[in-house]
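Trainee: Have a look at this one.
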Amino acid sequence: MEFYELHPETPQLRYINKAVDVLKSGGVIIYPTDTIYGIGCDIFNLQAIERIFTIKNESTEKLFSFVCSDLKDISKYAKVSDYAYRTMKHLLPGPYTFILPAAKLVPKTLWSKRKTVGIRVPNHNVTLSLVKELGNPIISTSATNRRGEILVDPSEIRAIFNSQVDLMLSSGIISQNPSSVIDLSDEAPEVIREGAGDVSLFV
């Protein structure tokens, strides 16, 4: 596994581009977000998605969310109501995953049975730079150990996943909770998981 240390605020573009090259060639990477370290790949590479299911030891019925670069990007991959738009404009980028009706552009393997998808726009320059340079979203699922515990230390993550992923971008220890998950697919918002993001707006 290639391993690179990046500055969280001003990430070195040469390392971002190395990760983008890996993603474009169907690789799997680990990268920092504003909440956790994520395991990701290009959402349009179904073989790479299958690799992540294997790495995570998850059933293919498990749903992965994905990272977009901004609100305009989200509108390509999900159907956004006026209320959802106003809400996300207020809270993004930030530690939230929003459940929205899927647009046809998204591979169906990422759709729920209700035809929804989970979308993130993390407040982390490494993640946002990755997605912008790649030109389309990347899968976002947490880097965890065999017990399902979220890993926060890059050295531990590197040791566990060294032979399973192709590249890791590190920006130090991340000690926050996972993102809060908010379902905006219906008329009334629903808090699915309370995490790092303040959910008082929806309670």
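Readers should treat all values here as calculations from the given coordinates under stated rules, not as data from a laboratory. Note that this is a predicted model, so its numbers are computed, not measured. Positions of Cβ are generated from backbone atoms using ideal geometry, with glycine treated the same way; all protein chains shown enter the neighbour counts.
Trainee: Which residue, Gly94, Gly27, Gly172, tops the fluctuation ranking in a GNM of the chain built on C-alpha contacts under 10 Å?
Mentor: Gly172
Trainee: Picking from Leu151, Leu91, Leu134, which is most flexible by a Gaussian network model of the chain using Cα springs under 10 Å?
Mentor: Leu91
Trainee: List the equivalent ellipsoid semi-axes of the chain in whole Å, largest first, each obtained as the square root of 5λ for an eigenvalue λ of the Cα gyration tensor.
Mentor: Details: eigenvalues 128, 63, 56 Å².
Semi-axes from the Cα gyration tensor: 25, 18, 17 Å.
Trainee: Using Cβ contacts closer than 10 Å as the measure, can you line up His7, His90, His124 from fewest to most?
Mentor: Values: His7 12, His90 9, His124 23.
Exposure proxy ranking, most exposed first: His90, His7, His124.
Trainee: Distance in nm between label sites at Ala103 and Ala159, each 7 Å beyond Cα in the beta-carbon direction?
Mentor: Output for this residue pair reads 4.3 nm.
Trainee: Of the GluC sites (Glu not before Pro) in the range 105-186, which ones lie in a loop per DSSP and count no more than 15 other C-beta atoms within 10 Å?
Mentor: On the way: sites: Glu133, Glu149, Glu156; in loops: Glu149.
Here the GluC sites (Glu not before Pro) that fit, given the DSSP loop and packing criteria, are Glu149.
Trainee: Let me ask you something else. Considering Cα pairs under 8 angstrom that are at least six residues apart, work out the relative contact order of the chain and quote it in whole percent.
Mentor: Values: 403 pairs, mean separation 66.1, N = 203.
Computed value for the chain: 33 percent relative contact order.
Trainee: Placing +1 on the Cβ of each Lys and Arg and -1 on the Cβ of each Asp and Glu in the chain, which of Thr127, Leu63, Leu169 has its Cα farthest towards the positive end of the resulting dipole?
Mentor: Final value for the positive-end residue is Leu63.
Trainee: Amide H of Phe3 versus every other amide H placed in the peptide plane: which residues, excluding those fewer than 5 positions away on the same chain, fall under 5 Å?
Mentor: Amide H neighbours of Phe3, under 5 Å, 5+ apart: Met168.
Trainee: For the chain, what is the mean residue ellipticity at 222 nm derived from helices alone (per DSSP H run of n ≥ 4: -39500 (n - 2.57); sum divided by total residues; nearest 500 deg cm²/dmol)?
Mentor: On the way: 6 runs with 58 residues, N = 203.
Taken over the chain, the calculation gives -8500 deg cm²/dmol.
Trainee: Next up: Provide the net charge surrounding Arg14, with neighbours chosen by a C-beta distance below 14 Å and charges set as Lys +1, Arg +1, Asp -1, Glu -1. Don't jump to the answer; show the numbers that get you there.
Mentor: On the way: positive: Lys18; negative: Glu2, Glu5, Asp21, Glu133.
Result for the local shell: -3.
Trainee: Highest GNM mean-square fluctuation, the chain, Cα pairs closer than 10 Å: which of Asn162, Asn57, Asn17?
Mentor: Asn57
Trainee: Taking every DSSP beta bridge with both residues inside the chain, roughly what % is antiparallel (nearest 5)?
Mentor: 60 percent
Trainee: Going through the range 1-43, which GluC sites (Glu not before Pro) have at most 10 other Cβ atoms within 10 Å and a DSSP loop state? All intermediate terms of the calculation are to be shown ahead of the outcome.
Mentor: Numbers: sites: Glu2, Glu5, Glu9; in loops: Glu9.
Here the GluC sites (Glu not before Pro) that fit, given the DSSP loop and packing criteria, are Glu9.
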